[in-house]
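Take a look at the structure below.
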Amino acid sequence: MKKLLKKFFSVLLVFSILIGIGLVLYPNVSNLINDVTNKSNYKNYDNTVKTLTSNDKNNLLSKAKEYNRIIASKYFNSSLTEEYKKISNEYENIMNFGEGIICYIDIPKINVSLPVYHETVDNVLTKGSAHLKNSSFPLGEKTSHTVISAHSGFPQQKFFDDLDELKKGDTFRLRVLSNTYYYKVKSINIVNPNDNSKLKIIQNKDLVTLVTCYPYSINTHRLLVTGERYIPTQEQKKTLTNYYRIDKFNILTYIILLLGYSIIFWKVKTNGRKQIITRT
């Protein structure tokens, strides 16, 4: 009976350790899987862009430019109601490459690369980031303000969790069709959820604001990180990764934890065998 109880508690100990490590690893492993999927989708996006003809690209861009013109005009002239309603109804079909993807955003400092979806796509914030419908499409144009939002603290994947690590002068980029637009952080603000005063379109400025909930897991406010477009040197471009990089530190963490896991299991099993040999 004692042997059975000891064996039972040994097995229970092993399973408890397994469950504990599993719970610790789950968010990171889930994030890793999603990261690999994002990298694959990024390549698919690039491949799709390569199949587009010059006419295809011009048609996509011309519609988006018209949208931006009306959005900006509506901002400075509230009388353009009918024209705005018409273009607003076409929002989902503008810059749509299938599945609602508009472009990709890379933020090298926090190792983030995400698809930017139309805001109206189902469950958009569980798959990547969302373009705010009433903001400009990112086309590298002046007198435009693109707003991109994403979760922080989402269990299955890291999105804008580390956005608060960005400082003035840090950079990010948008890959739109075959064009790449670079932005340098100019302002960082914490506002109430309904405060849109920092999202204004400014004449002759090409702005992109990244939005997430703040503080982390409390979500009473919104963190706004606004970048203004700039033209980097070739040397500066080299510091910005071409596309998503898997976090090597996380991979090393997984390996160490799994090795520790295996050692604990092996020791428990070995001790059990030693006890049996001693008693016989």
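The values are calculated or read from the model by the stated rules, or taken from the named source; none is laboratory data. Predicted, not measured: the structure shown is a model, and the values here were computed from it. Virtual Cβ from ideal backbone geometry, glycine too; neighbours counted across all protein chains shown.
Does P138 qualify as being closer than 17 Å to L60 by Cα and assigned to a loop (DSSP other than H, G, I, E, B)? It is true that P138 is closer than 17 Å to L60 by Cα and assigned to a loop (DSSP other than H, G, I, E, B).
The residues of segment 165-187 that are in a strand (DSSP E or B), out of contact with any Gly (no Cβ under 7 Å at 6 or more places or on another chain) and buried (at least 17 other Cβ atoms within 10 Å of the Cβ), listed by number, are T171, R173, L174, R175, V176, T180, Y182. Exactly one residue out of V225, V191, V208 is at pLDDT 95 or above and farther than 20 Å from G128 by Cβ: that is V191. Looking at S136, S113, S152, S144, just one residue is closer than 25 Å to V185 by Cα, in contact with a Cys (Cβ under 6 Å, 6 or more places away or on another chain) and among the hydroxyl-bearing types (S, T, Y), and that residue is S152.
Being of a type in the set (S, T, N, Q), more than 17 Å from S135 (Cα to Cα) and assigned to a helix (DSSP H, G or I) is the filter here, so list the residues in segment 50-87 that pass it. Passing the criteria: T51, S54, N55, N58, N59. Restricting attention to segment 188-237, the residues that are among the charged types (D, E, K, R), farther than 16 Å from S136 by Cα and either surrounded by 19 or more Cβ atoms within 10 Å (Cβ to Cβ) or within 18 Å of the chain's Cα centre (by Cα) (or both) total 1.
Out of all the residues in segment 148-162, which are of a type in the set (A, V, I, L, M, F, W, C), touching a helix residue (DSSP H, G or I) at 6+ places or on another chain (Cβ under 9 Å) and buried (at least 23 other Cβ atoms within 10 Å of the Cβ)? Selection gives A150, F159, F160. Being over 28 Å from E99 (Cα atoms) and assigned to a loop (DSSP other than H, G, I, E, B) is true for just one of P155, P232. Which residue is that? Residue meeting the stated conditions: P232. If I ask for residues that are without any contact (Cβ under 8 Å) to a residue 40 or more places away in the chain and either within 13 Å of the chain's Cα centre (by Cα) or buried (at least 22 other Cβ atoms within 10 Å of the Cβ) (or both), which ones from segment 101-126 would you list? Within segment 101-126, Y117, V124, L125, T126 qualify.
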